[in-house]
Structure formats: C-alpha cells, structure tokens
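What follows is a short report on a single structure.
Only the coordinates and a few stated rules stand behind these numbers; no lab work does. These numbers were taken from a predicted model, which means no experiment stands behind them. Reconstructed Cβ throughout: ideal geometry from the backbone, glycine too, with neighbour counts over all protein chains shown.
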Amino acid sequence: MPEVDLGITPLRELNGTLHNLPADTNETHWIVDNPAGRHAIAAGLDAPLKVEINGPVGYYCAGMNKLATVQVHGSAGVGVAENMMSGFVHVSGDASQAAGATGRGGLLRVDGNASSRCGISMKGIDIVVKGSVGHMSAFMAQAGNLIVFGDAGDALGDSIYEARLFVRGNVKSLGADCIEKAMRDEHKAAVHDILTRAGINGQIDPSEFKRYGSARKLYNFNVDNAGAY
C-alpha cells in the first residue's frame, strides 16, 4: 500500500505516477497524506484504483474520474468529481461549489453539505448529499440522479432536462421548468438502489423524499414567449 506525503512529494509527481501505473499493477490502494488543500489531486484517473486522501483538498479533486474509488477524509473545494465518468468519489466533509458538475457516470457521495450548483449540467452521474445543497443545484441537469437528505436552496433544477431530483427536506424555490412530481414505487426503488451503492442504505426510508423534474415546457420554442427571448 504506497503512502505519499504531499508535504514532501510534488503533486505532479503523484498524479503522474497514478496515471502511468501498468494495467497489471498490484499497487491498487494508495494513501495520500498532507493534501493541504492542493488542487486536482487524483484527477484524471483511468484505472480501478483506490486512493485515500487524509485531509482537505482544493479544486477539481478526482475530476474526470474513471473506474477509480477516491475517498477524501475531509472537505473538498470547487468541482470535486467534475466530469466524472465512472467509479466512486466519497467526501466525508463538505463540498464547495459545482460538486459533480457535468458528471457523466459513477457515484459521488458527500457526507456534509454541498454548496451552490451541485450537479450543474449533470449528464448521468448519481450524487448523494447527506446534508443540504445550495442555490442553482442541478441547473440544466440532463440525466442522472441527485439525492439530498437535507434542504435545497433557491432555483433547484433551473432549466432541467431529464435528471431526477430527490429532496427529503425543504426546497427554498424551484427553478424554471422544474416541478414536483409523483414519487412512485419505481422512484423509491431507484433511491434505494443508489443509497445501497453509496453504502448508506437503511438510514432513511426512500418514501420520505419528494421528487422533482422537468415540466418539459422549455423543450420547444413558443411564439407566445418571443418577447422574452
């Protein structure tokens, strides 16, 4: 189990090593100490590695992640798991703005709160936030699922496409074209499945969530609204 101290080893060296590991490597579990808020730690991984980071990280940690499991034992800066393709990213603290932005797959779990624009333009990623999310979360969200145990700020799901939003707490306001929808059995099953994959199933009954999604009124140009464009 290799252990890297970023107080001694340059970050570029760590990321380069992780990127260039041979396919048959037996060094699949890495420990990273003293991250000290550095940016882009474990970004661009493309192998089934496990990377544990002991401390807070800066911008874009685990960005573009593919196949890897990245555990942050602390809080994360802007854009954690940004453009994630697959794998699992777990932040044990809070996440700053744009957590999981543009993510195409995989699972992001945040044990604390996530700031504004969580899941912005998500394209297939599943995001679980055990705390609350800030304003404009899931803005232009196209596909995937956002599950929030706490509350959501202003303009949730503004200009949403076909992503599904599940919020257990209060929603301060819904964005353009986002509406509350029926929470059917299929949606409860989807929440159950995602929470199981996130390792937190059984803590909350899926029926306690409300579902939000697109009213599908912004898909086509409406001449009656021409003056607003």
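Prolate is the label for the stretch 3-228, because a/c, from the alpha-carbon gyration tensor with a ≥ b ≥ c as root eigenvalues, is 1.5 or above and a/b exceeds b/c. Counting only DSSP beta bridges whose two residues both lie in the stretch 6-103, roughly 0 percent are antiparallel.
Angle of helix 185-197 to the longest C-alpha principal axis of the chain, folded into 0 to 90 degrees and rounded to 10: 10°. Considering only beta bridges that DSSP places wholly inside the stretch 3-228, some 15 percent are antiparallel.
Each label was represented as a point 7 Å from its Cα along the Cα-to-Cβ direction; for Gln203 and Ser173 these points are 3.0 nm apart. Among Gly144, Ala182, Gly169, which residue has its Cα furthest toward the positive end of the charge dipole of the stretch 104-190, with +1 on Lys/Arg Cβ and -1 on Asp/Glu Cβ? Working it through, the farthest residue towards the positive pole turns out to be Gly144.
The protection proxy used here, the mean number of other Cβ atoms lying within 10 Å of each residue, ranks peptides 84-92, 66-74 as follows, highest first: 84-92, 66-74. For the peptides 102-112, 182-192, 43-53, the ranking by mean Cβ contacts within 10 Å, running from highest to lowest, is 102-112, 43-53, 182-192. Only Cα pairs under 8 Å and 6+ residues apart enter the sum, and on that basis the relative contact order of the stretch 3-228 stands at 10 percent. Residue exposure proxy: Ser137, Ser116, Ser207, Ser132, ordered by other Cβ atoms within 10 angstrom of their Cβ from fewest to most, comes out as Ser207, Ser116, Ser132, Ser137.
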